[in-house]
Amino acid sequence: MHKVLNEFSQSIKKNIKGILLIIIAAIFTSVGQLFWKLSNGTEVKLVLIGFVCYGLGAVLMILAFRFGSLSVLHPFMSVGYIFAIILGQTKLHENISVAKYVAVAIIMLGVTFIGGGDV
């Protein structure tokens with residue numbers, strides 16, 4: 001068990017800059033998508049804000065890949081689903097089912113295991 005925890009810790013340390021950048025990228029892409037939704041396809045200002053946020057997310061993702069393994073970092077983009085659910089609930093007042101909360105927990109668990117799997 002100690003060996004597994006040590007390998008997990010080493011993997012996180014090795015990829016931490018990339019992990020942080022990819023999580024920020026996921027936030028930006030989720031916020032960009034929120035602005036697209038809020039625009040209803042008609043408010044150009046919100047569409048453009050969405051493109052800027054989404055574009056910043058893409059640039060951060062490219063930068064993140066300089067600081068870690070693709071096989072670890074790319075799956076971290078799935079945290080964007082978590083941010084999308086949170087934004088949907090808090091900003092769009094969408095109802096989130098228990099099944100979605102369970103799915104978020106599974107995503108978080110999977111991303112945690114992936115993040116610790118690169119030694």
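The values are calculated or read from the model by the stated rules, or taken from the named source; none is laboratory data. Because the structure is a prediction, the values reported are computed rather than measured. All Cβ positions, even for glycine, are placed from backbone atoms using ideal geometry, and neighbour counts span all protein chains on display.
Observations on the structure shown:
- Meets criteria (in contact with a Lys or Arg (Cβ under 9 Å, 6 or more places away or on another chain), in a helix (DSSP H, G or I) and within 30 Å of LYS3 (Cβ to Cβ)) for VAL111: no
- Checking each residue in the stretch 82-103 for being surrounded by fewer than 16 Cβ atoms within 10 Å (Cβ to Cβ), outside any loop (DSSP other than H, G, I, E, B) and of a type in the set (Val, Ile, Thr) picks out ILE86, THR90, VAL98, VAL102.
- SER9 being among the polar types (S, T, N, Q), surrounded by 14 or more Cβ atoms within 10 Å (Cβ to Cβ) and under 27 Å from PHE113 (Cα atoms): no
- Selection within the stretch 53-75 - of a type in the set (Ser, Thr, Tyr) and under 16 Å from ILE27 (Cβ atoms): TYR54
- All conditions but one from (1) closer than 19 Å to PHE113 by Cα; (2) surrounded by fewer than 15 Cβ atoms within 10 Å (Cβ to Cβ); (3) in contact with a helix residue (DSSP H, G or I) (Cβ under 8 Å, 6 or more places away or on another chain) apply to GLY55; the one that does not is (1).
- Within the stretch 6-63, the residues that satisfy the criterion of being among the aliphatic types (A, V, I, L, M) and over 28 Å from GLN89 (Cα atoms) are ILE12, ILE16, ILE62, LEU63.
- Failed item in (1) surrounded by fewer than 18 Cβ atoms within 10 Å (Cβ to Cβ); (2) farther than 16 Å from VAL111 by Cα; (3) hydrophobic (A, V, I, L, M, F, W, C); (4) under 12 Å from the mean Cα position of the chain (by Cα), with PHE28 passing the rest: (1)
- Residue ID - nearest to PHE76 (Cα to Cα), chosen from residues in the stretch 1-52 that are among the aromatic types (Phe, Trp, Tyr) and either at pLDDT 90 or above or not in a helix (DSSP H, G or I) (or both): PHE28
- Pair list, Cβ < 7 Å and 6+ apart or interchain, from the stretch 65-82 residues that are modelled with pLDDT under 90 to residues that are outside any helix (DSSP H, G or I): SER69/ASP118; SER71/ASP118; VAL72/GLY117; VAL72/ASP118
- LEU60 vs. criteria surrounded by 14 or more Cβ atoms within 10 Å (Cβ to Cβ), in contact with a Lys or Arg (Cβ under 8 Å, 6 or more places away or on another chain) and without any contact (Cβ under 8 Å) to a residue 60 or more places away in the chain: no
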